[in-house]
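> Below: one structure in C-alpha cells.
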Amino acid sequence: MISLSSILATLFLLLGSILFGYGLITNGDPMYTKSLGWNLNLIWGTVVFCVGILFGLGNWLSNQIPQKEKN
C-alpha cells in the first residue's frame, strides 16, 4: 500500500524541482528588482525540494523498522 508520506514526498520533490528550474532559467531577470534582487523561485524551490527529501527519508526510515506480525 502506498503511504501518504511517499505521495507527499513525490509532490514536494516535483514542485521544488519545477520552482528551482524556473529560478535558474530566470536568474538575472529584471523582475527580481521588485523583491530586492532576491530570486525567490530559486530559494523556495530549494526549500520545498528539501522538505520533499525529508518526507522521503522519513518514509524510507519507517519502512526499515520491522513491523510486528499480526496474529
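The values are calculated or read from the model by the stated rules, or taken from the named source; none is laboratory data. In this text the structure is predicted, and so the values were computed from the model without any measurement. Backbone-built Cβ (ideal geometry, glycine too); neighbour counts: all protein chains shown. Protein only, heavy atoms only, side chains kept; ligands, DNA and RNA dropped before computing areas. Shrake-Rupley method; radii C 1.70, N 1.55, O 1.52, S 1.80 Å.
Results for (1) in contact (Cβ under 8 Å) with a residue 24 or more places away in the chain; (2) in a loop (DSSP other than H, G, I, E, B), shown as yes or no for each residue.
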| site | (1), (2) |
| --- | --- |
| Ser6 | yes, no |
| Ile18 | yes, no |
| Gly23 | no, no |
| Asn27 | no, yes |
| Met31 | no, no |
| Gly37 | no, yes |
| Phe49 | yes, no |
| Gly56 | yes, no |
| Glu69 | no, yes |
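> Let me ask something additional. For segment 52-71, how many residues are touching a Leu at 6+ places or on another chain (Cβ under 9 Å) and open to solvent by less than 80 Å² (accessible area, probe 1.4 Å)?
Counting residues in segment 52-71 that are touching a Leu at 6+ places or on another chain (Cβ under 9 Å) and open to solvent by less than 80 Å² (accessible area, probe 1.4 Å) gives 4.
> Same structure, new question: Consider Ser35 carefully, then state whether it is of a type in the set (Ser, Thr, Tyr) and either surrounded by fewer than 14 Cβ atoms within 10 Å (Cβ to Cβ) or touching a Ser or Thr at 6+ places or on another chain (Cβ under 9 Å) (or both). Spell out how you get there, then give the answer.
On the way: of a type in the set (Ser, Thr, Tyr): yes; either surrounded by fewer than 14 Cβ atoms within 10 Å (Cβ to Cβ) or touching a Ser or Thr at 6+ places or on another chain (Cβ under 9 Å) (or both): yes.
In short, yes.
> Also, I was wondering about something else. Of (1) surrounded by 14 or more Cβ atoms within 10 Å (Cβ to Cβ); (2) of a type outside the set (D, E, K, R); (3) at positive phi, Gly28 satisfies all except one. Which?
So the condition that Gly28 fails would be (1).
> Still on this structure, I have one more. Do we have Tyr22 as modelled with pLDDT of 95 or more, over 9 Å from the mean Cα position of the chain (by Cα) and surrounded by 12 or more Cβ atoms within 10 Å (Cβ to Cβ) here?
Against the criterion (modelled with pLDDT of 95 or more, over 9 Å from the mean Cα position of the chain (by Cα) and surrounded by 12 or more Cβ atoms within 10 Å (Cβ to Cβ)), Tyr22 qualifies.
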